[in-house]
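Heads up: the structure comes next, in structure tokens.
Taken together, the values in this text are just the output of simple stated rules run on the coordinates, not laboratory data. Note that the structure is predicted; figures quoted are calculated from it, not measured. Here Cβ is always computed from backbone atoms with ideal geometry, including for glycine, and neighbour counts include all displayed protein chains.
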Amino acid sequence: MSQVPDAKQAFIEIALRLLIEPRGAHNPRAYAIDEWVELAHKFVTAAPVQIAKAALKRIGDYRLFHATEYVDRVLEPTWRSGNKEELFAKVFAPEITRRDAIGWHLRQELGSFPFKELGVRFLVDWVSVDPKNRAHNLADVVGPPVGRPSELHAVLLERFDAEGVGSAFMARFMSGTFVGSAANWTRGKLEHAKQWLSDDRPAVVDWATRVVRSLERDLERELAREEEEPLLN
């Protein structure tokens, strides 16, 4: 019986080696994506830092789009089971601040990841160390407000808007696809943005004003274009 713990540890080490060491670098199907996710899910508590790093590497290396399974089955469980500050510092922060195409891709996949659980002070202190390389990219991941802007939204806009925070929120807000009238889609975005004008924080109102003015110009152009289309056919 005394050998059982040793055997279990040996099995864990083998599994982690399979998960973490590169495999199928030129052919991701050499180690099926769904198989990797299922195996990783079983070992997130054994090595959350290593597993999270490996998951992000696979998402980036293989350009996995809409990697919901990786986020839901691997990254969020590592977040829940590990030390959040350690995971952010060792795993997520280096990827968020990447300035290459893979970094951009990973930020899209990490949109709405629960980094807010670290707290406003922690995240703002982190950005303050290197605002030029961190502010815009964190805002890109945090994304725009849905309803009332959070304290994190407000503080990032107040302190780091010069580093592109507002632009990042705007870009995320305007991302997505639609079917039908572009004018109607823009009008919907405009009505959504107008609710932020009543916020009691000046930085939020200033940003919302810029968003509303931009959308009003876009709507005017789309309406003019839709009026001209029948004449061109």
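Laid out as a table, the results:
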quantity: Förster radius 41 Å - calculated FRET efficiency between MET174 and GLU35 (Cβ-Cβ, nearest 0.05); calculated: 0.65
quantity: Most mobile listed residue (SER181, SER167, SER214) in the chain, GNM with C-alpha springs under 10 Å; calculated: SER181
quantity: Charge tally in the Cβ shell below 13 Å around LEU152, where Lys, Arg are +1 and Asp, Glu are -1, LEU152 excluded; calculated: +1
quantity: ARG213-ALA101 FRET efficiency (beta carbon distance; Förster radius 35 Å; 0.05 resolution); calculated: 0.65
quantity: Centre separation in Å (Cα based) which lies between the range 99-168 and the range 169-233; calculated: 22
quantity: Contour excess over end-to-end distance, with Cα ends at ARG225 and ALA15 and 0.36 nm allotted per residue; calculated: 69.8 nm
quantity: Dipole magnitude of the chain about its Cα centre (Cβ charges: Lys, Arg +1; Asp, Glu -1), debye to nearest 20; calculated: 520
quantity: Farthest toward positive dipole pole in the range 182-233 [+1 Lys/Arg, -1 Asp/Glu at C-beta], among GLY188, TRP207, ALA224; calculated: TRP207
quantity: Average projection area in nm² (convex hull over Cα atoms of the range 103-164, one quarter of hull surface); calculated: 4.0
quantity: Cβ-based net charge around GLY60, under 14 Å, with every Lys or Arg adding one and every Asp or Glu removing one; calculated: +3
quantity: Net charge contributed by nearby residues that have their C-beta within less than 14 Å of THR97 (K/R +1, D/E -1); calculated: +1
quantity: Tail weight of P(r) past 26 Å, computed on alpha-carbon pairs of the range 114-230, percent; calculated: 26
quantity: Projected label distance in nm at LYS42 and HIS66, using a 7 Å step from Cα toward the beta-carbon; calculated: 2.9
quantity: Selected from ILE20, ILE96, ILE12 as most flexible by GNM, with the chain as the system and alpha-carbon contacts under 10 Å; calculated: ILE12
quantity: Spatially near lysine pairs across the chain, Cα under 20 Å, sequence gap of 8 or more or different chains; calculated: 12
quantity: Largest-first principal axis extents of the Cα set of the range 53-160 (Å); calculated: 37, 29, 27
quantity: Within a Gaussian network of the chain (alpha carbon springs, distance under 10 Å), most fluctuating of GLY166, GLY180, GLY147; calculated: GLY180
quantity: Diffusion constant of the chain at 4 °C, which comes from Stokes-Einstein with the Kirkwood Cα-pair radius and 1.567 mPa s, µm²/s; calculated: 64
